[in-house]
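The values are calculated or read from the model by the stated rules, or taken from the named source; none is laboratory data. These figures come from a predicted structure and were not determined experimentally. A quick note on method: Cβ atoms are made from the backbone with ideal geometry, for glycine too, and the neighbour counts reach across all protein chains shown.
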Amino acid sequence: MLAGKENRNVGSYLREDCRRWSERFSIPFVYPDPEIFHRRAERWAVSAFHREELPARAFYAADGEKRDLLDQALFEAAWVEGFDVNDPETIRWAAQRAGLDPDYLMTRLAEPGPAGEARDSLAEFERLQCPGVPTIIVNGQRYFGKDRVDWALDACRADLGRA
C-alpha cells in the first residue's frame, strides 16, 4: 500500500482480497483513500518513532491480559475508523477503548523495555525468514498468509497427537 515492492496489480489485488475476506467473515473494514497514506508518510518521516513502531511499543507496554483488546482496538482504529496508528492520539484512543489508562500506557511505551521487546520480536521474525504477516511457525515449518492458517492448525493438531 505504501513503499511496497509489489507492482500496481498486486496492490490492487490485495485491496480487493482484503475486502473480500472482510465481507466473508463480517469484519468491518474500510480502506482509507490512497492519498491519506502519502500524507501520513510525510508525518512519519519526521516522527520520533519509525513507522509501525508506536503501535508495537503500545502492544508490548500493555498488560498481557489486555493485549488482545488493544490489538482489536488498534485494528478498529486503522481499518474501521481510518485513524493513523502511528499517531499518539490514536494510541490513546485505542488504549481507552481497550480499558487501559492511556497516560500510563504512553509512559510505559516510552520506556526501553517495550521497544526492546518489539525489536527482539522483529529480529526473530527476520531470523525465521518470515515472508510477511501472518506467518506461523510450527516445528520449523513456515505457513504464510491467511489462506494457510488452516494448514498451520492441522500441523499443530498433528503435533499434539504425537505428544
## Note on the structure
Expected single match for of a type outside the set (Ser, Thr, Tyr), at pLDDT 90 or above and closer than 15 Å to Ser121 by Cβ among Ala73, Ala58 is Ala58
### Message
Looking at region 129-146, can you tell me whether even one residue there is among the charged types (D, E, K, R) and loosely packed, with under 11 Cβ neighbours inside 10 Å?
### Response
no
#### Entry: Residues being in contact with a helix residue (DSSP H, G or I) (Cβ under 9 Å, 6 or more places away or on another chain), among the hydrophobic types (A, V, I, L, M, F, W, C) and in a helix (DSSP H, G or I) - total across region 17-45
2
### Message
Return the pair list, or none, for Cβ contacts closer than 8 Å from residues in region 111-130 that are acidic (Asp, Glu) to residues that are surrounded by 13 or more Cβ atoms within 10 Å (Cβ to Cβ) and in a helix (DSSP H, G or I), at least 6 apart or on different chains.
### Response
Glu111/Ala61; Glu117/Tyr60
### Query
Taking region 126-163 only, how many residues are closer than 27 Å to Arg24 by Cβ and either assigned to a loop (DSSP other than H, G, I, E, B) or touching a Leu at 6+ places or on another chain (Cβ under 8 Å) (or both)?
9
### Query
What number of residues in region 116-156 are closer than 26 Å to Arg19 by Cα and basic (Lys, Arg)?
3
### Query
Is it the case that Phe75 is within 17 Å of the chain's Cα centre (by Cα), of a type in the set (Phe, Trp, Tyr) and assigned to a loop (DSSP other than H, G, I, E, B)?
no
